[in-house]
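The values are calculated or read from the model by the stated rules, or taken from the named source; none is laboratory data. Bear in mind that the values here come from a model prediction, so they are computed numbers and not experimental data. Cβ coordinates were reconstructed from backbone atoms using ideal geometry, including for glycine residues, and neighbour counts include every protein chain displayed. Just the protein is used for accessible areas: all its heavy atoms, side chains included, with ligands, DNA and RNA removed. Shrake-Rupley method; radii C 1.70, N 1.55, O 1.52, S 1.80 Å.
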Amino acid sequence: MITPITGFSKLKKEEKIDWLLKTYLKDSPASENILKQYWNKNDTVQQLHEEFTENTLSNFYLPFGIAPNFLINGKLMAIPMATEESSVIAAASKAAKFWQNRGGFKVNVLNTTKNGQVHFIYIGDHDKLNDFFKITKPALLNSVSEITKNMRKRGGGVLDIELVDKTDLVDGYFQLHCTFETKDSMGANFINSCLEKFADTLKVEVNNYQEFNEEEKQLEVIMSILSNYVPECMVKVEVACPVSELYDDNHISHEAFAEKFLTAIKIAEVEPYRAVTHNKGIMNGIDAVVLATGNDFRAVEAGIHAYACKDGSYSSLTHASVENGVFKFWMEIPLALGTVGGLTNLHPLVKVALEILQKPSARELMEIVAVAGLAQNFAAVKSLVTNGIQQGHMKMHLMNILNSQNASPDEKEELLHYFKKHTVTHSSVAEQLERIRN
Ligand code: MEV
């Protein structure tokens, strides 16, 4: 029987591994080897990774690749991507090349305001609370002057604080809705520090406010936290070309392709089952760049999916039109990213990724990430409405299957050749391997 362990976090890494091996891995030397095999040979790099988080035993690798030939606002860029999914980088590269000859991607940041809330409960006279807020707002803003000093030097800081009445949703629920400009940093720590200070100041000022009765002075702060929903931190990306240049294969006419493409987008706009998968494909591109550049992909995912529901039903993030013979394909998404602070200054591969991108500002990174999302969606929908995705996907997936079957280099070479002309499935690869081995 397994007994709970106390003080686990205090153990040394080797002791943690020993405990794990004994408790859950039947003392398997193979598991131990694998855990240790992924340690970085360079002790400094290893320690750096261990200190990113807690209870680290090993490192978890993801492939780090590159999609070249992205023409973005007239500039040719190679986009670094960290992803385990086969076809993602190939699809991005294909879309990049396709649009490179058709004017490239036009992208611009619409705004960069981030936000957070102090959520509190106040039972009392609403007019009194409004008066209190008007009088107290300068003190609230003043209370964070030390925290915001450096950010203000960089042109950022607190933009505004509003009192919002949410009592129609929860009894006594109000919030301080606070907006921020965080320039090149993602700003999570900055925003949360400001919000917690606002909450402390709020409590002090409430206590000192003579007009409140005892019940009103019981105003209770529930929590203070940034929001990952950032609909005022938006980027718009677009591609366009004459319908006559839209398709590069003669299996289907340009017009029929455009029509089918538009219908696929319309379906994703109105049908949530399809929209989720459609947007997942967009996130294949977005997450890969967000990860490679050391940003928080969970925050980005949460914010983008919330935005996809902004009209009351989950819908496509991309849209398309044909007008006067011109095909247009575009997307607007919220993105809160940073190119300074956090992992960006620490993770050696992240630093290289940012160098590949020519050390972008946060605004430029928003543009690049949005481009990767639109490119990925274009490639996916293009495949879906023509050949389907499995043909290309299974070719890319072939190597994964061969590796999972421990194929030797010679076997791989033979089967890569064989499957150029045959359909890849798990069982067909297994059959062919068996044929060679026998
Ligand atoms: C697979 O990871 C992503 C796709 O399913 C996206 C889509 O269906 O649009 C191909």
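Selection within the range 84-107: residues that are within 16 Å of the ligand (Cβ to nearest atom) and within 19 Å of the chain's Cα centre (by Cα). The member of this set that is farthest from MET394 (Cα to Cα) is ALA92.
Considering HIS417, HIS347, HIS397, HIS393, the condition of being surrounded by fewer than 21 Cβ atoms within 10 Å (Cβ to Cβ) and more than 19 Å from THR83 (Cβ to Cβ) is satisfied by HIS417 alone. Criterion first (closer than 18 Å to MET77 by Cβ, touching a residue at least 60 places away in the same chain (Cβ under 8 Å) and within 16 Å of the ligand (Cβ to nearest atom)) does ALA370 satisfy it? When the stated conditions are applied, ALA370 does not pass them. Every condition in (1) without any contact (Cβ under 8 Å) to a residue 40 or more places away in the chain; (2) outside any loop (DSSP other than H, G, I, E, B); (3) within 16 Å of the ligand (Cβ to nearest atom); (4) not hydrophobic (A, V, I, L, M, F, W, C) is met by GLN432 except one, and the failing one is (3). Looking only at the range 203-217, which residues are open to solvent by less than 80 Å² (accessible area, probe 1.4 Å) and among the acidic types (Asp, Glu)? Hits for the range 203-217 are GLU205, GLU216. Within the option set LYS351, LYS359, being away from the ligand (no atom under 16 Å from the Cβ) and either in contact with a strand residue (DSSP E or B) (Cβ under 9 Å, 6 or more places away or on another chain) or in a loop (DSSP other than H, G, I, E, B) (or both) holds for one residue only, LYS359. Among the conditions (1) part of a strand (DSSP E or B); (2) under 30 Å from ASN387 (Cα atoms); (3) touching a Ser or Thr at 6+ places or on another chain (Cβ under 7 Å), ILE265 misses just one, which is (1). One residue stands out among those in the range 169-202 that are crowded, with 20+ Cβ neighbours inside 10 Å and of a type in the set (S, T, N, Q): the one that is nearest to ARG152 (Cα to Cα), which is THR182. One residue stands out in the range 268-305 among those that are outside any helix (DSSP H, G or I) and open to solvent by 10 Å² or more (accessible area, probe 1.4 Å): the one that is nearest to the ligand (Cβ to nearest atom), namely GLU271.
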